[in-house]
Every structure is written in C-alpha cells, then in structure tokens.
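The values are calculated or read from the model by the stated rules, or taken from the named source; none is laboratory data. Keep in mind that what you see is a predicted model, and the values were worked out from it rather than measured. Note: ideal-geometry Cβ built from the backbone for every residue, glycine included; neighbour counts use all protein chains shown. All accessible areas refer to the heavy atoms of the entire protein, side chains included, with ligands and DNA or RNA removed. Shrake-Rupley method; radii C 1.70, N 1.55, O 1.52, S 1.80 Å.
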Amino acid sequence: MHLFWERGYAGCSLDSLLSAMGIGLRSLYDTFGDKRTLFLRCLTSYTAASERAERDLADSATDARSAIDKLLRSPIAPSGGTSVGCLAVNTATELTTNDEEVTRELQRHFAASRQLLTDQVLRGRADGSVTARGDPDTIVAMLFNAWTGLRVRARAGMTGLEGEVDALVGLLH
C-alpha cells in the first residue's frame, strides 16, 4: 500500500511492487490477479483504516470544535517532516476518470468523511462549541473542501497550513 501511496498507481511498476512485497510475479497473480486488483484492495483497506482513525480522532476530542481542529490538522506533517498526503485524495487526482470501481470507492469514502464532519458540526451546535451562523451543510462543504485541499497541499510540501487551520476553526464560533 505504501508504494502506491507514495508513487501513485501509474508510478508503480510491477517490478517495484514485487520488490516491495518480497514476492514473485506468479504469487502476485495467484493472490491478487493483477496490479489493478491489488491496488483496489489496498485502496479499500486504506479507506477503511482511515475512516476508523478519523472517527477515533474525533471521538477523542473534548468537544466538536476540537474534533474538527484535530481532523483538519491530521494531514499536516510534524515540523520538519514530510507528508505523503492521503491515498484517497492522491488517487482522486490520478485515476477517477479512468476507473469506475475506484471512483465508487472514493465516493463512498468521501461521503463517510463528509458525514463525520456533519456529525461534528451538529455535535458542536449541541455542545456549544460550534456557534457559526449558517446552514450546517454549507459549513460542512467548506470544511470538507478545506480538508481535502489541506491534504493536497501537505503532500506538495507546502508550509503555513497550521495558520490556515487556525483561521478555519476560528470561523466556527
């Protein structure tokens, strides 16, 4: 999975995948069928793990605004570190126009991410930590698009993202 995450689908040759996995070509074909099937299994595994981690991160926060803050900061590499971004977002920019199964998995995953943000905005309205005026769907759309953009920009190695998260979270009250 990590090789696809770092290089993308097209950037992974069969040789590089076999080397990273420590298996032979016959084993790859016997186990997965082909590179695309291996990739789809990696993507599905990644999205499931990502959704669990995001839900756990939100659940660990003391209030909804803190949960949103943690979620928005999650793709940002620690100071001096690098980020490979998000496999789902990376894949969306590479493969969705070419593969209906990949597109369906990404749509499902992004809907789950949006739902998590919706849950947090509604939780915040109830616990008083999100007092921003406006329709919750509009607030969620803004947060989701910002979160996606942060993932892309983190992968590109851009800096100053923490300040942008501060500003976004500040809009919630």
Next on the checklist: I need to check one value: relative contact order of the stretch 18-173, counting alpha carbon pairs closer than 8 Å and at least 6 residues apart, in percent.
Outcome noted: 29 percent
Next on the checklist: Just to make sure I understand: if all protein chains stay in place, what is the order of Tyr46, Tyr9 by accessible area at 1.4 Å, largest first?
Outcome noted: Tyr9, Tyr46
Next on the checklist: Just the number please: accessible area per residue for the chain, 1.4 Å probe, all protein chains included, in Å².
Outcome noted: 52 Å²
Checklist entry - With every protein chain left in place, what is the accessible area of Thr82 in Å² (1.4 Å probe, nearest 10)? => result 130 Å²
Checklist entry - Using the Kyte-Doolittle scale, which helices in the chain average at least -0.5 and also have C-alpha atoms spread 27 Å or more along the helix axis, with helices defined as whole DSSP H runs? => result 136-155
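Would the stretch 106-148 count as rounded, prolate or oblate if I go by the C-alpha gyration tensor, calling it rounded below 1.5 in a/c and otherwise prolate when a/b exceeds b/c, oblate otherwise?
prolate
For the chain, just run the numbers: alpha carbon Rg, then divide by 2.2 N^0.38 Å, N being how many residues it has. Provide the component values of the computation, followed by the final result.
Values: Rg = 17.9 Å, N = 173, 2.2 N^0.38 = 15.6 Å.
Ratio of Rg to 2.2 N^0.38 Å for the chain: 1.15.
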Item to check | Low-density loop positions, trypsin sites (Lys or Arg not before Pro), the stretch 114-144 - DSSP coil, at most 14 other Cβ in 10 Å | outcome: Arg133
Checklist outcome for this item: Asserting the computed 222 nm helical MRE of the chain (DSSP H runs at least 4 long, -39500 (n - 2.57) per run, divided by residue count, to nearest 500) equals -23000 deg cm²/dmol
Checklist entry - Between Gln115 and Glu6, what length in nm is gained on full extension when 0.36 nm per residue of separation is reduced by their alpha carbon distance? => result 36.5 nm
